[in-house]
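Visitor: The following block contains the structure, expressed as structure tokens.
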Amino acid sequence: MQLNFIANADVPSSSGRTLQVLDPSDGQPFDEIQRSNAADIDSAVRAARDCFEGVWHKVSAADRGRLLYKLSQKIAEHVDELALIEQRDCGKPVKQARADALALVRYFEFYAGACDKLHGETIPYQDGYSVFTWREPHGVTGHIIPWNYPMQIFGRSVGGALAAGNVCVVKPAEDACLSLIRVAQLAAEVGFPAGALNIVTGYGHEVGDALARHEGIDHISFTGSPKIGTLIQQVAAERHCPVTLELGGKSPQIIFADADLDAAIPVIINAIVQNAGQTCSAGSRVLIQRGIYEPLLERLGRAFEALRVGPAAMDLDVGPLIRQTQQQRVWDFLSDAQVAGIPMVAHGIVVDEAPETGFYQAPTLLRDVPVNHRLAQEEVFGPVLAAMQFADEDEAVALANATQFGLVAGVWTADGARQFRMAKRVRSGQVFINNYGAGGGVELPFGGVKSSGYGREKGFEALYGFTTLKTVAIKHG
Ligand code: ADP
């Protein structure tokens with residue numbers, strides 16, 4: 001049974017209740033986590049506050065960096081263990097689980113090096129004054145993490161917050177807690193003081209809500225659905241607590257007729273089947289220029305038919321979805337597509353070895369998806385790719401921007417001037433030209449516009465969000 005991790009100790013919830021942990025590959029329970037409550041959040045926030053005001057704020061930026069670096073190295077020693085945990089807990093194929101653990105190493109390595117490079121400014125002002133700015137930590141930051149990439153999202157969020165001098169209370173998703181509890185234990189082993197990093201597990205509407213409402217939380221970082229993002233903002237607004245929100249997308253990959261299709265095809269496929277499509281930045285729409293629509297669909301269709309889905313341990317192209325409700329969600333989208341007469345081009349195969357009780361879904365390619373259909377508008381969070389065609393650049397831009405989201409976009413074209421024009425005209429937080437996702441991109445600021453959220457995580461930019469700026473004006477004559 002897994003316990004919460006508060007003030008460097010494994011502690012049970014005061015509720016005395018637990019939740020089962022299911023393996024998505026066979027749908028069977030194999031562990032338990034604490035079903036925590038508001039009292040547990042309160043103990044975690046108190047521990048964090050004591051740490052912040054006691055020892056943490058006295059740790060120099062350089063020493064903070066050393067501590068983060070030690071943690072990155074410790075995680076590196078435990079990559080196999082963490083990957084195995086994630087494979088079982090989240091149904092991630094071995095390669096994906098390892099990639100997540102390695103990305104976590106890289107986040108702490110990157111933020112370790114950034115700790116002592118977060119400078120203020122001096123500002124020219126009136127005669128007789130010296131004015132400068134300090135970047136100060138918020139204090140106790142709350143992190144509500146989703147289940148799709150627990151280690152990566154923990155790395156980008158908690159890594160940045162700790163580097164900027166905050167202490168953290170983390171609420172992982174109820175379906176994906178195990179790796180993060182282990183990482184917090186590793187942090188204690190390398191010398192993080194008690195209270196610097198606390199993990200409290202349980203349901204979102206119970207313990208997540210308690211975290212968002214707690215008066216001792218000075219900043220909230222949330223990654224999840226737009227619906228819960230709205231709730232978090234409303235709750236935080238009551239006490240004017242700053243938030244960073246990453247709420248997903250319906251990201252387009254835009255393929256012009258002059259694109260290098262041999263290079264584009266594997267990337268288009270990976271952008272939608274990676275992590276079984278349960279990726280905020282999934283390239284879930286492929287917009288194809290008219291002249292190459294049919295031939296490209298044919299090639300994509302063949303690639304989809306070759307995809308194999310199975311248990312995480314088999315390490316195939318695609319693993320199971322996280323849980324039964326997610327599988328049902330994908331089925332609902334696909335049955336809506338059928339009712340609307342949206343043609344299916346191709347789908348992959350669920351292998352015979354996949355247990356019936358697991359949460360499998362074959363990757364599916366749909367064509368001629370009308371722009372107003374929910375398959376072109378809403379996040380499926382499964383391996384379903386919606387293809388649409390466009391005539392020219394203007395129509396490509398109009399389609400790309402025709403959703404409530406704006407997280408990531410991919411543009412494939414050999415025309416250099418068009419690359420710049422498209423990068424300017426597409427409304428999203430990131431644009432990739434002739435590539436997509438750029439290998440994880442720990443260094444690259446990430447976040448959205450419109451309903452994809454606001455604020456940026458990843459890269460150096462994240463550190464500005466995890467700090468508040470103080471201006472000091474000294475009149476010395
Ligand atoms: P999904 O539907 O994909 O699980 P959610 O937005 O519901 O996405 O969940 C993302 C994270 O938000 C999870 O850690 C979840 O437990 C948490 N959460 C869900 N509901 C709430 C809530 N009312 N308040 C705070 N956190 C919540």
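The values are calculated or read from the model by the stated rules, or taken from the named source; none is laboratory data. Predicted model only: the values in this text are computed from it and were never measured. Every residue, glycine as well, gets a Cβ built from its backbone with ideal geometry; the counts of neighbours run over all protein chains shown. Side chains are part of the model used for accessible areas, which takes the heavy atoms of the whole protein and leaves out ligands, DNA and RNA. Shrake-Rupley method; radii C 1.70, N 1.55, O 1.52, S 1.80 Å.
Visitor: Probe radius 1.4 Å, ligands and nucleic acids left out: which of MET388, MET314 has the largest accessible area, and how do the rest follow?
Guide: MET314, MET388
Visitor: Let me ask you something else. Suppose a student asked you for the relative contact order of the chain, using Cα pairs under 8 Å spaced at least 6 residues apart; what percent would you report? Display every interim value, and only then the final one.
Guide: Numbers: 1147 pairs, mean separation 89.8, N = 477.
The value is 19 percent.
Visitor: Something else about it: Can you give the net charge of the other residues whose Cβ lies under 15 Å from the Cβ of ALA400, counting K and R as +1 and D and E as -1?
Guide: Working: positive: LYS250, ARG285, ARG418, ARG421, LYS424, ARG425, ARG427, LYS450; negative: ASP392, GLU393, ASP394, GLU395.
Result for the neighbourhood of ALA400: +4.
Visitor: In the neighborhood of GLY453, defined by Cβ-to-Cβ distances under 15 Å, what is the net charge if each Lys or Arg adds +1 and each Asp or Glu adds -1?
Guide: Once positives and negatives cancel, what remains is +3.
Visitor: Also: On average, how much accessible surface per residue is there in segment 252-440, in Å², for a 1.4 Å probe, leaving out ligands, DNA and RNA? Don't jump to the answer; show the numbers that get you there.
Guide: Details: 7500 Å² over 189 residues.
Per residue, segment 252-440 has 40 Å² of solvent-accessible surface.
Visitor: Here is a further query. Post the alpha-carbon centroid distance, segment 50-75 to segment 232-269, in whole angstrom.
Guide: Each part's Cα centre sits 32 Å from the other's.
Visitor: In debye to the nearest 20, how big a dipole does segment 252-440 give about its Cα centre with +1 on each Lys and Arg Cβ and -1 on each Asp and Glu Cβ?
Guide: So the magnitude is around 500 debye.
Visitor: Another question, if that's okay. Considering only C-alpha atoms, what is the centroid distance from segment 124-197 to segment 432-455, in Å?
Guide: 20
Visitor: To continue, here is another question. If you take every residue apart from LEU245 with its C-beta less than 14 Å away from the C-beta of LEU245, what net charge results, scoring Lys and Arg +1 and Asp and Glu -1?
Guide: Working: positive: ARG156, LYS227, LYS450, ARG456; negative: GLU246, GLU457.
Net charge around LEU245: +2.
Visitor: When the accessible area of the chain is computed with all protein chains present and a 1.4 Å probe, what percentage of it is carbon and sulfur? Don't jump to the answer; show the numbers that get you there.
Guide: Details: 9710 of 18710 Å².
It is 52 percent, rounded to a whole number.
Visitor: Counting alpha carbon pairs within less than 8 Å and at least 6 residues apart, what relative contact order, in whole percent, applies to segment 139-219?
Guide: Values: 121 pairs, mean separation 31.1, N = 81.
After rounding, I find 38 percent.
Visitor: For THR18, list long-range residues whose amide hydrogen, built 1.01 Å from N in the peptide plane, is under 5 Å from its own amide hydrogen.
Guide: Under 5 Å from the amide H of THR18: ARG35.
Visitor: Taking 0.36 nm per residue of separation and subtracting the Cα-Cα distance, what length does fully extending ASP392 through GLN234 add? Write out the running numbers ahead of the final one.
Guide: On the way: separation 158, 0.36 × 158 = 56.88 nm, distance 4.10 nm.
This chain segment gains 52.8 nm when fully extended.
Visitor: Find the percent of Cα-Cα distances in segment 252-440 that exceed 21 Å, and round it to a whole number. The partial results should precede the final answer.
Guide: Details: 8320 of 17766 pairs.
Distances greater than 21 Å cover 47 percent of the Cα pairs.
Visitor: Could you tell me the relative contact order of segment 252-440? Use alpha-carbon pairs under 8 Å, at least six residues apart, and round to a whole percent.
Guide: On the way: 362 pairs, mean separation 52.8, N = 189.
Value for segment 252-440: 28 percent.
Visitor: Next question. Under a Cβ-only charge scheme (Lys and Arg +1, Asp and Glu -1), can you give me the dipole magnitude of the chain about the Cα centre, in debye to the nearest 20?
Guide: Working: 42 positive and 54 negative charges, 227 e Å.
It works out to roughly 1100 debye.
Visitor: If you average 1/r across every pair of different Cα atoms in the chain and take the reciprocal, what Kirkwood value do you get, in Å?
Guide: Numbers: mean 1/r = 0.0433 Å⁻¹.
The answer is 23.1 Å.
Visitor: Using only the heavy atoms of the protein chains and a 1.4 Å probe, how would HIS240, HIS205, HIS347 rank by accessible area, largest first?
Guide: Most to least solvent-accessible, the answer reads HIS240, HIS205, HIS347.
Visitor: Give, rounded to the nearest 20 debye, the magnitude of the charge dipole that segment 97-231 has about its Cα centre when Lys and Arg contribute +1 at Cβ and Asp and Glu contribute -1 at Cβ.
Guide: Details: 9 positive and 13 negative charges, 72 e Å.
Computed about the Cα centre, the dipole is about 340 debye.
Visitor: For GLN253, list long-range residues whose amide hydrogen, built 1.01 Å from N in the peptide plane, is under 5 Å from its own amide hydrogen.
Guide: Distant-sequence amide H within range of GLN253: ARG285, VAL286, LEU287, GLY410.
Visitor: When N is the residue count of segment 128-186, what does its C-alpha Rg come to as a fraction of 2.2 N^0.38 Å? Working shown, then result.
Guide: Values: Rg = 15.2 Å, N = 59, 2.2 N^0.38 = 10.4 Å.
After normalising by residue count via 2.2 N^0.38 Å, the value is 1.47.
Visitor: In addition: Per-residue counts of other Cβ atoms within 10 Å, averaged by peptide: what ranking do you get for 305-312, 105-112, 227-234, 460-467, highest first? Spell out each step's value before the answer.
Guide: Working: 305-312: 19.9, 105-112: 24.1, 227-234: 16.5, 460-467: 21.6.
Averaged packing, sorted descending, gives the order 105-112, 460-467, 305-312, 227-234.
Visitor: Between ASP315 and residues 5 or more places away or on another chain, which pairs have amide H atoms under 5 Å apart, with H built 1.01 Å from N, and which residues are they?
Guide: So ASP315 has HN proximity to VAL94.
Visitor: A further question follows. Add -39500 (n - 2.57) for each DSSP H run of 4 or more in the chain, then divide by its residues: what number comes out at 222 nm, to the nearest 500 deg cm²/dmol? Walk me through the numbers before you get to the answer.
Guide: Details: 15 runs with 179 residues, N = 477.
After summing the helix terms and dividing by residue count, I get -11500 deg cm²/dmol.
Visitor: Taking the mean number of other Cβ atoms within 10 Å as a proxy for protection, how do you rank 423-430, 158-165, 142-149 from highest to lowest? Don't skip to the answer; put the middle values down first.
Guide: On the way: 423-430: 19.2, 158-165: 27.9, 142-149: 26.1.
Most protected by this proxy first, the peptides run 158-165, 142-149, 423-430.
Visitor: Ranked highest first by average number of other Cβ atoms within 10 Å, how do 15-23, 168-176 line up? Before the final figure, lay out the partial values.
Guide: Values: 15-23: 17.1, 168-176: 25.9.
The peptides rank, most packed first, as 168-176, 15-23.
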